[in-house]
1. Listing H20, H141, H197, H158 from the residue with the fewest other Cβ atoms within 10 Å to the one with the most, what is the order?
2. What's the whole-number percent of alpha carbon pairs in segment 102-292 lying beyond 30 angstrom?
3. Does segment 184-296 come out rounded, prolate or oblate by the C-alpha gyration tensor, with a ≥ b ≥ c the root eigenvalues, rounded set by a/c under 1.5 and, if not, prolate when a/b is larger than b/c and oblate if not?
4. So which lysines can K228 reach, going by Cα to Cα under 30 Å and dropping same-chain residues fewer than 8 places off?
5. Taking H as built 1.01 Å from N, whose amide H comes closer than 5 Å to the amide H of L208, not counting residues under 5 places away?
6. Once fully extended, how much extra length lies between A199 and R242, figured as 0.36 nm per residue of separation less the alpha-carbon to alpha-carbon distance?
7. Would you work out which of P124, M90, W164 lies farthest towards the positive end of the dipole of segment 76-190, given +1 charges on the beta-carbon of Lys and Arg and -1 on that of Asp and Glu, about the Cα centre?
8. I want to check the label-to-label distance for L112 and L84. Put each point 7 Å from Cα in the C-beta direction and report it in nm to one decimal.
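Each reported figure results from applying straightforward, stated rules to the coordinates on display, with no laboratory input. The structure displayed is predicted, hence computed values, not measured ones. For neighbour counting, all protein chains shown are included, and Cβ atoms are generated from backbone atoms with ideal geometry for every residue, glycine included.
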Amino acid sequence: MMRVQSAGDSGPPSLDACTHCQAFWFDGGEYEQLPNIPRESRLEDRLTPEAREKIGMAEVEEMRLMRATVEKAPFEPQETWQWLPGFLGMPIESELPPVQRKPLVTWTIGALMVVVSLIGLLNPETSFKDWGMMPAQAGRHGGMTVISSFFLHGSLMHLLGNLWFLLLFGDNVEEQLGKGKYLLLLLLATLLGDLCHWAADPGSTVVLVGASGGISGVIACYTFSFPKARLNFMLGWWMGLRWIGLPAWGWFALWIGMQLLGAWFQLKVGSNVSSLAHLGGAAAGMLFWAFKGHEE
């Protein structure tokens, strides 16, 4: 213990200080002699009653929003507009970081699908007959019907469904592969999908339209590239509009099972949906991922 002299004019002239713990010890009456330092006024003390009321209301609203977020079902979409594709039975992507580059190829192909399909739907019978892929005449227009049929769609719902899946999965795959490889993937998946459809009935005069074969390749490549991405679905009115979530690989396994069942019906009794084209496109996507998806 040592005696420390005070440097100021007010307060006790000296205090006892501990050299080990660096604490001060006050004798009787010494603490009361210390100068009174005025406390700085707080911001809250300077606010008007109206301002305090507004701050309180804002804090209550913030607590309400936080509670609503916590109580939200785990698989419900975060954006209100995402309920619309959910009502239509389409998946919502989650737990995957947004892309860093604009998917210009995906957007361009999607825009072409919309323009060509809408023009084709003005006179569908002629458009589909001339530019759809007909197995019995697969070489028409120099084989270009394989490409033109990709952009034609049989109805608005057919177009919207394929457009949604292209935009949902295409941006991530385009960013991972790059624009050139992504275009090559779409081309190969479309060709192999049409080949599988043709092989089932080479003499068929029923035309095939739609981008499903090519997009199936994108879906397959997406699944193997981002297997832990989550896809959420609305079960429907009969289940109380409940949402469920599946990892991408789980959803893809169910989708493949549905396509296999659809292909069986297509071969046995016929179908207006070419599940064989879907399976062919998916096979191309898996092969493309295996050989090209890992290259830097």
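1. H20, H141, H158, H197
2. Tail fraction, whole percent: 18.
3. Judged from the Cα gyration tensor, segment 184-296 comes out oblate (a/c at least 1.5, b/c at or above a/b).
4. The qualifying lysines are K72, K102, K179, K181, K292.
5. HN-HN under 5 Å from L208: M133, M134.
6. 11.4 nm
7. Highest projection toward the positive end goes to P124.
8. 2.5
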